[in-house]
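Notes follow the structure.
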Amino acid sequence: MDSVIEQAWWKECAVYQIYPRSFFDSNGDGIGDLNGITQKLDYIASLGVGAVWLNPVYDSPNDDMGYDISNYEAIMREFGTMADFDALLAGLHARGLRLIMDLVVNHSSDEHVWFVESRKSKDNPYRDFYIWRDGKDGKEPNNWASFFTPSAWKYDETTDQWYLHLFSEKQPDLNWQNPAVRAEVYAMMNRWFDRGVDGFRMDVINLIAKAEGLPDGSGTPSPEGYVFAPEHFADLPAAHDYLREMRRTCFAGRDCMCVGETPFSSSATGFSYVDPAHRELDMVFSFDLMDIDSGKSGKWEIVPWNLSRMKAIIEDWQTALATGWNSLFWSNHDQPRPVSRFGSTSSEELRVRSAKMLGVAMHLLRGTPFIYQGEELGMTNVPFRDISDIRDLESLNFYRLAAARGEEQKAWSAILQKGRDNARVPMQWSATENAGFTTGTPWLMVNPNHEHINVNAAEQDVESVLHFYRKLLRLRADSRTLIYGDFALIEREHPQVFGYTRSLDGETYTIVCNMSGMSALLSVVPNGDCVFSNLTDHSGSTLQPYEARVYRNNRN
Ligand code: ISL
Ligand code: CA
């Protein structure tokens, strides 16, 4: 180990991500809630994680499922009360679990009082909390495309100006150039810290600074004629300045962590955020792996993923952040289910085996593993019947635009593979109606496969993905080498096997994973004993389809 590597709780634990709307409904209204999470705390603790990250639980009109916040210091009514929140926090802390909150401050809801004021008049004290511009010849101030709608601008009649929204029209971008905005955000964060939360996951935090003069993007226009221009809003120097200011103002003297979601960032840029020399963030969520099956026009242009590219991405990030720290994840609330995407659902046996293999491949890398709810069961993508089953605005907007071009068939097949609702259907607790998630009508359909993929069934089956995940987390938690050891890629040219070593103080772990549905011959059988595997028979130089093995070699 690099002796300069600082030890920290957030490096040693795994984090369980909870999408509160879909975790557990305690009062039968079909919507998951805080009390529902509190009722499941023993389950969460049983996984062996050390922290929980909650997707946004703040007051919100839910245009983008809580990522449009109308009050940063109130709990969404459907999720409960501040007293429920305090009870959840106390319950987590009583079990030695830390709580990481979502921080969504690139934008607010248009129903936030700041924006309600801001849009009233050009001289309103909150006017400069957002980014307002005059139109050009009756059109948008520039050609920027938004993530969710054709244009990133919305005209507002009251003052005859346009406001910027990189996401939906109900998510106006905050103006971080304004020191008053920054002061409000930092004060709000400090109040949450004072309440006892242990960290933040920072939504699109590398987008908070926009290029001076808001220049037009020069890339290829969308069919609607707008240009997606991250060169003018991602990773700008001012974003680093703001994050350093935030670090000083909110984190000094606290043992808290932050992980920034950073779309578009390269590994070099990622390192610039987590570089211990001027630590702005503790970790970043990179998108390189999540974009591995996206074509030039973005996520909906689906291309097959390829193992050599996957190895290159992982090696790149592991190497670039060797003196920093990585986050490790196969999915989250924005991504399809990993077993459907990178493993196999062709049989029940292979679903279980490949879900376990993916866990091994990711969690023993150098970094902090994040587990998205249901991953520990090997939950799969969802057989949505048609667009009326979908609730996510990203998929709905994409479908609407595609339909206008007569391409709804193509759009639908892309939504089935990559739509965000695949991850957002209710957690599968039991084989009973609605997967045991609610006694009412769930806000989003449950996956019919809850009849065999569910927590109850997994608890009773010693061979389940769930039991395997518990063992995997324990393996990592008990080993300094697996936490802090150096990474090196092996089986570099192998077309099926992803392999690497982790080494510390003379001990080496070797991890080999067959990422394919065909048996694979290892070029070299690793030294040492096979101490962990997803198959009971794990000898020799041939890996079965989706087999994973962990070897340990200790020369001391
Ligand atoms: O979800 C995506 C791809 O399907 C991304 O484009 C996503 O919008 C982007 O990664 C930012 O995500 C975050 O901010 C969004 C919110 O909708 C996502 O849920 C959140 O994770 C806006 O707040
Ligand atoms: Ca509820």
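The values are calculated or read from the model by the stated rules, or taken from the named source; none is laboratory data. Everything numeric in this text was worked out from a predicted model, so none of it was measured. Here Cβ is always computed from backbone atoms with ideal geometry, including for glycine, and neighbour counts include all displayed protein chains. With ligands, DNA and RNA removed, areas are computed over all heavy atoms of the protein, side chains included. Shrake-Rupley method; radii C 1.70, N 1.55, O 1.52, S 1.80 Å.
From the set of residues in the stretch 74-83 that are within 15 Å of ligand 2 (Cβ to nearest atom) and part of a helix (DSSP H, G or I), which is least open to solvent (accessible area, probe 1.4 Å)? Spell out how you get there, then give the answer.
Step one: list which residues in the stretch 74-83 are within 15 Å of ligand 2 (Cβ to nearest atom), which gives 75-81.
Cutting the leftovers down to part of a helix (DSSP H, G or I) gives us 77-79.
Values: Arg77: 200, Glu78: 67, Phe79: 8 Å².
Taking the candidates together, the pick is Phe79.
Kindly check whether there is at least one residue in the stretch 432-439 that is free of Cβ contacts under 8 Å to residues at least 12 places away in the same chain and open to solvent by 40 Å² or more (accessible area, probe 1.4 Å). Break it down stepwise before answering.
Kept after step one, since they are free of Cβ contacts under 8 Å to residues at least 12 places away in the same chain, are these residues of the stretch 432-439: 432-433.
Filter again for open to solvent by 40 Å² or more (accessible area, probe 1.4 Å), leaving 432-433.
Yes - at least one qualifying residue is present in the stretch 432-439.
Quick check: is even one residue across the stretch 12-26 charged (D, E, K, R), over 27 Å from Trp330 (Cβ atoms) and within 16 Å of ligand 1 (Cβ to nearest atom)?
At the first step, the residues of the stretch 12-26 found to be charged (D, E, K, R) are 12, 21, 25.
Right, trim to over 27 Å from Trp330 (Cβ atoms) and you get none.
Looking for residues that are charged (D, E, K, R), over 27 Å from Trp330 (Cβ atoms) and within 16 Å of ligand 1 (Cβ to nearest atom), one finds none in the stretch 12-26, hence no.
Of the residues in the stretch 406-453, how many are closer than 21 Å to Gln39 by Cβ, of a type in the set (D, E, K, R) and within 23 Å of the chain's Cα centre (by Cα)? Adding up the residues that qualify gives 1. When Arg552 is tested against (1) assigned to a helix (DSSP H, G or I); (2) in contact (Cβ under 8 Å) with a residue 12 or more places away in the chain; (3) not hydrophobic (A, V, I, L, M, F, W, C), only condition (1) is not met.
Residue by residue through the stretch 282-305, note down the ones that are farther than 30 Å from Ala322 by Cβ and either open to solvent by less than 40 Å² (accessible area, probe 1.4 Å) or among the charged types (D, E, K, R) (or both). Once the filter is applied, which keeps residues that are farther than 30 Å from Ala322 by Cβ and either open to solvent by less than 40 Å² (accessible area, probe 1.4 Å) or among the charged types (D, E, K, R) (or both), the stretch 282-305 yields Gly295, Lys296, Gly298, Glu301. Could you tell me whether Phe487 is outside any loop (DSSP other than H, G, I, E, B), over 20 Å from Lys356 (Cα atoms) and either among the hydrophobic types (A, V, I, L, M, F, W, C) or modelled with pLDDT of 95 or more (or both)? Against the criterion (outside any loop (DSSP other than H, G, I, E, B), over 20 Å from Lys356 (Cα atoms) and either among the hydrophobic types (A, V, I, L, M, F, W, C) or modelled with pLDDT of 95 or more (or both)), Phe487 qualifies.
Restricting the stretch 89-148 to residues that are open to solvent by 20 Å² or more (accessible area, probe 1.4 Å) and in a helix (DSSP H, G or I) leaves a set whose member that is nearest to ligand 1 (Cβ to nearest atom) is Trp114. No other residue among Asp110, Asp86, Asp102, Asp63 is under 24 Å from Tyr186 (Cα atoms), modelled with pLDDT of 95 or more, under 22 Å from the mean Cα position of the chain (by Cα) and more than 16 Å from ligand 2 (Cβ to nearest atom) apart from Asp102. Restricted to the stretch 1-35, and to residues there that are near ligand 2 (Cβ under 9 Å from one of its atoms) and without any contact (Cβ under 8 Å) to a residue 40 or more places away in the chain, the residue that is surrounded by the fewest Cβ atoms within 10 Å (Cβ to Cβ) is Asn27.
Might you let me know whether the stretch 36-49 holds any residue that is within 16 Å of ligand 2 (Cβ to nearest atom) and on the phi > 0 side of the Ramachandran plot? Talk me through it step by step, then tell me what you get.
Initially, the stretch 36-49 is screened for residues within 16 Å of ligand 2 (Cβ to nearest atom), giving 36-40.
Checking which are on the phi > 0 side of the Ramachandran plot leaves us with none.
No, because not a single residue in the stretch 36-49 is within 16 Å of ligand 2 (Cβ to nearest atom) and on the phi > 0 side of the Ramachandran plot.
Candidates in the stretch 381-405 are the residues that are over 21 Å from the mean Cα position of the chain (by Cα), within 23 Å of Tyr67 (Cα to Cα) and open to solvent by 60 Å² or more (accessible area, probe 1.4 Å); of these, the one that is farthest from ligand 2 (Cβ to nearest atom) is Arg400. Return the residue satisfying two criteria in turn: it lies in the stretch 515-556 and is touching a strand residue (DSSP E or B) at 6+ places or on another chain (Cβ under 8 Å), closer than 20 Å to Ser464 by Cα and β-branched (Val, Ile, Thr), and of such residues it is surrounded by the fewest Cβ atoms within 10 Å (Cβ to Cβ). Once the filter is applied, the top-ranked residue is Val531.
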